[in-house]
1. Name the residue from 272, 242, 283 whose Cα lies farthest towards the positive end of the charge dipole of the range 197-287, charges +1 on Cβ of Lys and Arg and -1 on Cβ of Asp and Glu.
2. With every protein chain left in place, what is the accessible area per residue of the chain in square angstrom, probe 1.4 Å?
3. When the chain is treated as a GNM, springs tying every alpha-carbon pair under 10 Å, which of 92, 40, 220 comes out with the largest mean-square fluctuation?
4. Run the numbers for residue 247 and residue 298: contour at 0.36 nm per residue of separation, minus the present Cα-Cα distance, in nm.
5. What residue among 258, 76, 167 shows peak mean-square fluctuation when the chain is described by a Gaussian network model with Cα springs under 10 Å?
6. So, taking all protein chains as they sit and a 1.4 Å probe, how much accessible area belongs to residue 149, in Å² rounded to tens?
7. Determine, at each q value in 0.14, 0.17, 0.19 (inverse angstroms), the log₁₀ of I(q)/I(0) that the Debye formula gives when each Cα of the range 189-297 is one equal point scatterer.
8. Where nothing but the Cβ of Lys and Arg (+1) and of Asp and Glu (-1) is charged, how large is the charge dipole of the chain around its Cα centre, in debye to the nearest 20?
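The values are calculated or read from the model by the stated rules, or taken from the named source; none is laboratory data. Just so we're clear, the structure is a prediction, and the values are computed from it rather than from any experiment. Quick reminder, even Gly has a Cβ in these numbers, built from the backbone with ideal geometry, and neighbours come from all protein chains shown. Please note that ligands, DNA and RNA were not included when accessible areas were found on the heavy atoms of the full protein model with its side chains. Shrake-Rupley method; radii C 1.70, N 1.55, O 1.52, S 1.80 Å.
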Amino acid sequence: MRGFAAVSVLAFHACMQSWETIATGMAPVVVFFVLSGFLLSRSLDRDPDPLTFVRHRLFRLLPAAIVTVLLLTLAYRSSGFHVGFLPSFDPLNIVLNALLIRSDINGVMWSLTVECVAIPVILISHALLRRHGATPVWMVVGFLVAISFWGPYVHLLGDFTNLAPLYAFVVGLLTRSGVNLLVGRVRPSRANVVVATAFVMMLVVAVRKQTAVTIAFETLCASALVCFSAFGPDKLAALRPFDFDVVRLYGRISYSFYLLHAIGLAIAVRLLPSDLPPTIRAAALAVVALLITTPAAWLMWRFIEVPFIELGRRRMVAKERLTDGLLQADLTSARKRSN
């Protein structure tokens, strides 16, 4: 699903480079948010320690983001290359972008700023879910949905950052609480209809102007896809494309692909003639950007993402071993005193 979402973002942006459109590619980002909430809730189920969770998120998000900002800084300093509007490349702004506080150097990184904001929201929501059940968490969703209609909140962080879909993380978290029992009882034929309907509805909504209402529909559709992928009947025909090897590849490299696709698209814009018919230009931009971004994303996934994720896990394993060793020492000391 992440693979489809990542390539869809590139396709949306290729269209935006070819003709005037009100679509902004928000729908795939909402899919990312719902999936993150779902998967991070599993991580918290295994280890609810907030410090471990935050450290894991930092090892997951920051290394590839820092490398992307440094690549763009190097490209600008050496050749004047930049993505979108010309940002400031002064040292402070570079640091703020690398730490995901700002996103003007690589505009698509606004969603990572929202992911950082979502960390305490996810922690609080998961704690409420464990202690008090789903009701107070749905109240959090209701509150976040209500303020998603309020402009000052939506644009609170400036730049391209949009806080309206923040609640999608919490909805993703809630898909693990009880929904699986309902989804698992749906017949395969009906499940296929629901999944296909969610796909079509998301596509229809995605090409509209992005408002609080459209984002709510996108969150609903993404939640349905996640629920049926995780808990629905086996081997649903509507979900079979997710199992293709090439889609799984893009799923693995989706984070790096998302970070780098704007660079690939900017290079494609400079390579291709601007007088092509809009449809042909959009298709050509998408293909060329895909060919440029895919190997770059694989390299960053393999040599940046994977090593730092493993480093974060080794730190967690080392902590667990230290804790187990201290516990064993305490037990041994207690046995000696009792003897």
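1. It is 272.
2. Normalised by residue count, the accessible surface of the chain is 51 Å².
3. Ranking 92, 40, 220 by mean-square fluctuation puts 92 first.
4. Full-extension gain reported as 17.0 nm.
5. Looking only at 258, 76, 167, the biggest GNM fluctuation is shown by 76.
6. About 130 Å², ignoring ligands and nucleic acids.
7. -0.79, -1.03, -1.12
8. Computed charge dipole of the chain: roughly 1080 debye.
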